Amino acid sequence: MKPILLFLTLLTVTAATAQDITYAEKLGFPKGKKVIVLHIDDAGMSYEANRGTIRATEEGIATSTSVMMPCGWVPQFMAYLKQHPTLDAGVHLTLTSEWDNYRWSPLAGKSVVPGLHDEQGAFWHSVAQVVQHATPDEVEAEMRVQIARFRAFGIEPTHLDSHMGTLFEPKFIERYVKVGISERIPILFPGGHATLIKQVAKVDAGQQQMLAMIGQQLWKAGLPVFDDLDGTSYGWAPQNANVSDEELQKIKTDGFINLFNRVQPGLTYIIMHCADTTPTFGQITSSGPTRRGDMLAMMDLRLKQYIQQQGIIVTTWRELADRRKAAK
């Protein structure tokens, strides 16, 4: 399974019409500049995901992560965040449990969100199943409980985003926006030119207009908005599962350089999945090589030098929030 590709495919509000001014410019970044957030999904999912996130941010150039609050390794990662309070860390709002041998369940409880439980008591495996069985009220209730658990560790989330893109479904997107605005927490949303999204998802004029309108709503509410996003690195898996770290790093670094060449001026969210894999991780998912490759690419001096040479600005959610407060 490739969650981020599914995310982009399922976006029914994708790519907005091009704006005369990008959201990056509205936030005070120089005109014509590529501004990116290098973000890691799935912290808290496992020990390996935690280690991969930590290495990619401490030893590498990644600048953001988000935590899957229903998962078993959340306490370890939240303890790390307490010791590293400047790291961007948001809530990776989780409404699916996609693996077969390692699963997690809603935090709100079965009596509160019966439509989010499958026959095993875990979240449904797929986004389509969540759409079929869950109500918007149940989804909102679970979102708020996950945010509350994050805050219970004594940390304020820098942002909200959506595991496997479930909250971008038409049935739930209004609640996603509502929760972000009411909780005063920035949410991941591409309300600008969405050039990279259009390369992987079909877009019509109505969808473009809706995306632009939601972006404007978030901006007027005082929250930052992205121009574009991409999460295709999940699909850059090597053909050989036994590839060396050196080869894996090269494959992924080349992929990111190619991606950054295609990024357009504006504010772009680059999604990846990092894991410092162990043999046990293979019992969870076969995605170990691509996740390890993302981690290794973030630690590659060649990628850091490329970003510097190209004049790409790497930013954080914290900086975006501060700039939004100062913007008109």
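Under the condition of being of a type in the set (Asp, Glu) and not in a strand (DSSP E or B), which residue from segment 215-254 is nearest to residue 184 (Cα to Cα)? Explain how you work it out, then say what you get.
Narrowing segment 215-254 to residues of a type in the set (Asp, Glu): 227-228, 230, 245-247, 254.
Then keep just the ones that are not in a strand (DSSP E or B); that gives 227, 245-247, 254.
On the way: 227: 20, 245: 41, 246: 43, 247: 43, 254: 37 Å.
Filtering first and then ranking leaves 227.
Can you tell me how many residues in segment 283-328 are at pLDDT below 95, more than 21 Å from the chain's Cα centre (by Cα) and under 24 Å from residue 99 (Cβ atoms)?
Count: 0.
Report, ordered by the first and then the second residue, all pairs with beta carbons closer than 7 Å, sequence separation of six or more or different chains, a first member in segment 194-218 that is at positive phi, and a second member that is of a type in the set (S, T, N, Q) and buried (at least 21 other Cβ atoms within 10 Å of the Cβ).
194/14
A quick yes/no check of all residues on (1) out of contact with any Lys or Arg (no Cβ under 9 Å at 6 or more places or on another chain); (2) buried (at least 18 other Cβ atoms within 10 Å of the Cβ); (3) within 20 Å of residue 38 (Cβ to Cβ):
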| residue | (1), (2), (3) |
| --- | --- |
| 212 | yes, yes, no |
| 217 | yes, no, no |
| 225 | no, yes, yes |
| 240 | yes, no, no |
| 246 | yes, no, no |
| 253 | no, yes, yes |
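Looking at residue 59 and the list (1) touching a residue at least 60 places away in the same chain (Cβ under 8 Å); (2) within 25 Å of residue 140 (Cβ to Cβ), which single condition is not satisfied?
The failed condition is (2).
Looking at 182, 162, which one is surrounded by fewer than 22 Cβ atoms within 10 Å (Cβ to Cβ) and polar (S, T, N, Q)?
Values: 162 fails: surrounded by fewer than 22 Cβ atoms within 10 Å (Cβ to Cβ).
So the residue among 182, 162 that is surrounded by fewer than 22 Cβ atoms within 10 Å (Cβ to Cβ) and polar (S, T, N, Q) is 182.
Criterion first (under 27 Å from residue 91 (Cβ atoms), at pLDDT 95 or above and not small (Gly, Ala, Ser)) does residue 167 satisfy it? Let's see the steps before the verdict.
Numbers: under 27 Å from residue 91 (Cβ atoms): yes; at pLDDT 95 or above: yes; not small (Gly, Ala, Ser): yes.
Answer is yes for this residue.
Of these, 91, 74, which one is among the β-branched types (Val, Ile, Thr), modelled with pLDDT of 95 or more, under 18 Å from the mean Cα position of the chain (by Cα) and crowded, with 22+ Cβ neighbours inside 10 Å?
Sole residue among the options that is among the β-branched types (Val, Ile, Thr), modelled with pLDDT of 95 or more, under 18 Å from the mean Cα position of the chain (by Cα) and crowded, with 22+ Cβ neighbours inside 10 Å: 91.
May I ask you to list pairs of residues, at least six apart or on different chains, whose Cβ atoms are under 6 Å apart, with the first in segment 255-283 being over 17 Å from residue 234 (Cα atoms) and the second being of a type in the set (Ser, Thr, Tyr) and buried (at least 23 other Cβ atoms within 10 Å of the Cβ)?
Filtered contacts from segment 255-283: 266/22; 267/23.
Which of the residues spanning segment 179-214 are at pLDDT 90 or above, within 23 Å of residue 234 (Cβ to Cβ), of a type in the set (A, V, I, L, M, F, W, C) and in a helix (DSSP H, G or I)?
Across segment 179-214, the qualifying residues are 196, 197.
Results for (1) more than 18 Å from the chain's Cα centre (by Cα); (2) part of a loop (DSSP other than H, G, I, E, B); (3) over 20 Å from residue 262 (Cα atoms), shown as yes or no for each residue.
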| residue | (1), (2), (3) |
| --- | --- |
| 25 | yes, no, no |
| 35 | no, no, no |
| 38 | no, no, no |
| 49 | no, no, yes |
| 54 | no, no, yes |
| 66 | no, no, yes |
| 70 | no, yes, yes |
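Filter segment 268-294 for residues that are part of a loop (DSSP other than H, G, I, E, B) and of a type outside the set (A, V, I, L, M); which is surrounded by the most Cβ atoms within 10 Å (Cβ to Cβ)? Before you say what the answer is, go through the steps one by one.
Kept after step one, since they are part of a loop (DSSP other than H, G, I, E, B), are these residues of segment 268-294: 274-278, 284-287.
From what is left, the residues that are of a type outside the set (A, V, I, L, M) are 274, 276-278, 285-287.
Details: 274: 32, 276: 20, 277: 22, 278: 13, 285: 21, 286: 12, 287: 20.
That would be 274.
Quick one: which residue in 303, 320 is touching a helix residue (DSSP H, G or I) at 6+ places or on another chain (Cβ under 8 Å), within 22 Å of residue 65 (Cα to Cα) and hydrophobic (A, V, I, L, M, F, W, C)? If you could, list the steps in order and put the result at the bottom.
Working: 320 fails: touching a helix residue (DSSP H, G or I) at 6+ places or on another chain (Cβ under 8 Å).
The unique qualifying residue is 303.
Would you mention how many residues in segment 94-137 are β-branched (Val, Ile, Thr), surrounded by 23 or more Cβ atoms within 10 Å (Cβ to Cβ) and more than 14 Å from residue 71 (Cβ to Cβ)?
3
The values are calculated or read from the model by the stated rules, or taken from the named source; none is laboratory data. Just so you know, these numbers come straight off a predicted model, no measurement behind them. Quick reminder, even Gly has a Cβ in these numbers, built from the backbone with ideal geometry, and neighbours come from all protein chains shown.
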